[in-house]
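Each remark here refers to the structure printed beneath this line.
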Amino acid sequence: LKTLNLGILAHVDAGKTTLTERLLHAAGVIDAVGSVDEGTTQTDSNALERERGITIRAGVVAFTVDDVGVQLIDTPGHPDFIAEVERSLHVLDGAVLVVSAVEGVQPQTVVLMRALRRLRVPTLLFVNKIDRAGADPERVVTTIRERLTRGAIPLGHARDAGTRAGAFRPFAPDDERFTDALVEALADHDETLLAAVAHGRWGAVAPDDLQARLAAQTASGQLHPVLFGSAATGAGIPALMVALTTLLPARDGDAEAPAAGVVFKVERGPGGEKVAYVRMFCGAVGLRERVPLGPGRAATVTAIEVFEHGATVRRAAVLAGQIAKLSGLREARVGDGIGTAARPPARDVFAAPTLETALVARDPAQTAALHGALAQLAEQDPLIDLRQDDGRRELFVSLYGEVQKEVIEHTLLVEFGIEVEFRETTTICIERLEGPGHAVVRLGDPSNPFLATVGLALAPGPADSGLTLDVAVELGTIPLYVYRTVDAFRAAMTEYVRAGLRHGPAGWEVGDCAATLTQCAYSSPGTGSGDFRKLTPLVVRAALEDAGTVVCEPIQSFHLDAPADTLSAVLALLAQRRAVPRPPVVARRWFTLEGDIPAAEVHRVQRELHGRTRGQGVLEVAFDRYEPR
Ligand SMILES: Nc1nc2c(ncn2[C@@H]2O[C@H](COP(=O)(O)OP(=O)(O)OP(=O)(O)O)[C@@H](O)[C@H]2O)c(=O)[nH]1
Ligand SMILES: [Mg+2]
């Protein structure tokens, strides 16, 4: 059996979850199509999803079409849950991007398509809701071409759009209008075909050959076939099923190769135990096997469940191409590579959250419980990035937006019985060193309770260099009876310095720092690792005070599309909100603006853009850099 890991992506409410139900029904997995509005779907399975009628967590469900085992990932469309989409993107063989025939191309559609194209994920476009009043599939295809991809190639057309009878009519393989358009699109990336067209000889290309070329260019992410239908009525679903297996690249996994997989989701099982969702790229992992989980960590697999025919089934191994839920990986984190041939973690596709909020338990007696609960949530959603202020009173979490905040509040209440109160939402800044700084605390100093000497010099590092530590002390001053090797000592010291940099003098994390250990001493046999672990952050703190720091705010690069006649209104808005646009590019009815904007202003611009562009403006932002505030 070949496998196809298929992502369903779209702007919120375009119909991903309903479409998933339809596909499961068409594949014979479920007898009746569930409803999002009644809370009876397979993939919107948690209580909050059912209550709100939106998808919050990515859900996996499997079915078989012909000889292909499809493992479908239904993703959330709301931008606050983009982190869920991010994790899924790295495990896909192909995707269906759903576009509503009524609302057309929406903000998140643009964001998602850009990510899919950047990662070259083979993608089909499904124009959904052709049964709904107001559906205008022709106009949607035009905007898809203008805003998403010039490589859009409709495989048919919608008849009776805007009525319950709306249906999909695929083009006949020898329909000349279709083959002309297809050849023209294929020739853009195919020189032999281009030459044939130029010489008027392409008529000799057989329909089967065109189909194979279409599949090849879809697989390479150059062309994007477009289908039409309705997840509500089932129109167009059979054609979509065929396209999944004939146009997207299903794979025969190599189970004999060295094991490589990735953890893309972590959840807690009914008994509170950790369950890691893993996609294997090649090789296999068996029950009771001890698997590497990234540098210095490993764990033994105690249970394996794979996805089959709408359910999960216990198995003795997870094979190349498959997705499985693995138990026993207590240390597993989202993004961990699994196995001996694991790839390094992928770079983030979407921007990290740039907002944060403090929260406290309404009942102070629950403060410790709140900490534990948030730590568990942060495990499932690492970008939450739980932090605590110096006074140890308030907890901070990172956020994408207000809806994510409400979900956290609700989850804490329902799953953990903790009522919380949020403080106001603020932007996450960092501190940078203003210049070099130095500090030393010596063994035997009356103010030093630890059995160690640590001297540190800090200097500003280049942008994005993170933390580097140079150990510039005599070998004899390093307590090798504690750390065994100089490398182990350096690794441990790096972590201690990092701990000290977590809160700079202004309370923000200190970024990009070149540290040098200038002095070191110990007193054998009394000195232990605890002495260095506890003393180093204090020395870092003193060195930071000596250097001085400047607070820097996140700056995002933006991409803004809006109707051409709204350009001056949009420019005025951007100027008010400290954005710095480059010259606009106007293409017929739309203009595009790119430039920089402080993250703190994005929310306001997003809100006001709506009114200034008749609801059509789309602002996409991505983190770019930090700059002094
Ligand atoms: N008329 C019509 N309604 C549809 C169709 N597909 C979905 N809907 C409705 O649109 C609403 C949203 O559908 P969902 O399937 O939850 O959309 P989604 O893309 O999964 O939404 P999120 O996961 O929250 O982003 C529901 O009320 C569906 O019943 C369709 O083809 N036609
Ligand atoms: Mg959904």
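Read-outs: derived from the displayed coordinates by stated rules, not from any lab. As the structure is a prediction and not an experimental result, all values here were calculated from the model. In this analysis, Cβ positions are derived from the backbone assuming ideal geometry, glycine residues included, and neighbour counts consider all displayed protein chains.
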- Message: Can you tell me the mean projection area, over all orientations, of the convex hull of segment 91-242's alpha carbons? Units nm², please.
- Response: 8.9
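In deg cm²/dmol, rounded to 500, what helix-only [θ] at 222 nm does the chain give when every DSSP H run of at least 4 residues adds -39500 (n - 2.57) and the total is split over its residues? Spell out each step's value before the answer.
Working: 16 runs with 180 residues, N = 629.
The per-residue figure over the chain is -8500 deg cm²/dmol.
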- Report the net charge of residues surrounding Glu21, where surrounding means a beta-carbon distance below 13 angstrom and charges are Lys +1, Arg +1, Asp -1, Glu -1. -3
- Message: Need one number: nm distance between label points at Ser529 and Arg343, each 7 Å from Cα along Cα→Cβ, rounded to one decimal.
- Response: 3.3
- Query: If you look at just the Cα atoms of segment 292-413, how large are its Rg and its Dmax in Å?
  - Reply: 17.8, 52
- Task: For Lys405, go through the aspartates and glutamates and keep the ones whose alpha-carbon is under 14 Å away, minus same-chain ones fewer than eight residues off.
- Result: Asp80, Glu356, Asp381, Asp385, Glu419, Glu421, Glu424
- Fraction in percent of alpha-carbon pairs per bin - 5 Å, segment 1-136: 2, 11, 20, 24, 22, 14, 6, 1, 0
- Item | Principal-axis tilt of helix 486-501 within the chain, Cα atoms, nearest 10 degrees | 80
- Convex hull of the chain built on C-alpha atoms - directionally averaged projected area, nm²: 32.6
- Gain on full stretching of the segment that runs from Arg314 to His559 - 0.36 nm per residue minus C-alpha separation: 83.6 nm
- Message: Cβ neighbours within 10 Å, averaged per peptide: list 75-85, 262-272 in order, most packed at the top.
- Response: 75-85, 262-272
- Task: Report the local net charge at Arg147: Lys and Arg +1, Asp and Glu -1, summed over other residues whose C-beta lies under 14 Å from its C-beta.
- Result: +3
- Distance between modelled label sites at Ser568 and Glu627, nm, 7 Å Cα→Cβ extension: 2.7
- Multiply the residue gap between Ala492 and Arg442 by 0.36 nm, knock off their C-alpha separation, and tell me the result in nm, one decimal place. 16.1 nm
- Euclidean distance between Cα centres, segment 462-503 to segment 441-455, Å: 17
- In degrees rounded to 10, the 0-90 angle between helix 176-187 Cα long axis and the longest Cα principal axis of the chain is 30
- Query: In percent, what relative contact order does the chain have, based on Cα pairs under 8 Å that are 6 or more apart in sequence?
  - Reply: 10
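Ala235: net charge of surrounding residues, Cβ under 14 Å, Lys/Arg +1, Asp/Glu -1, itself excluded? Could you put the intermediate results ahead of the total?
On the way: positive: Arg22, Lys129, Arg132, Arg159, Arg164, Arg169; negative: Asp131, Asp160.
Taking every other residue near Ala235 into account, the sum is +4.
Any idea what the dipole of segment 307-380 comes to, in debye rounded to 20, about its Cα centre with Lys/Arg Cβ at +1 and Asp/Glu Cβ at -1? Present the calculation step by step, with values, prior to reporting the outcome.
Working: 8 positive and 7 negative charges, 60 e Å.
Here the size comes out at about 280 debye.
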- Task: Could you list the residues of segment 396-418 with an amide nitrogen less than 20 Å from a label point located 7 Å from the Cα of Ala365 in the Cα-to-C-beta direction?
- Result: 412-418
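Between Arg297 and Gln388, what's the calculated FRET efficiency when r is the beta-carbon distance and R0 is 35 Å? Round to 0.05.
Values: r = 24 Å, r/R0 = 0.69.
The value I calculate is 0.90.
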- Item | Set of lysines with alpha-carbon distance to Lys129 below 20 Å, sequence-local pairs under 8 removed | Lys16
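Give me the number: length gained by fully extending Arg541 to His410, i.e. 0.36 nm times residue separation minus the C-alpha to C-alpha distance, one decimal in nm.
Numbers: separation 131, 0.36 × 131 = 47.16 nm, distance 3.76 nm.
Here the segment from Arg541 to His410 would lengthen by 43.4 nm.
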- Message: Cross-link candidates for Lys325: which lysines have Cα within less than 17 Å, leaving aside residues fewer than 8 places away along the same chain?
- Response: Lys265, Lys274
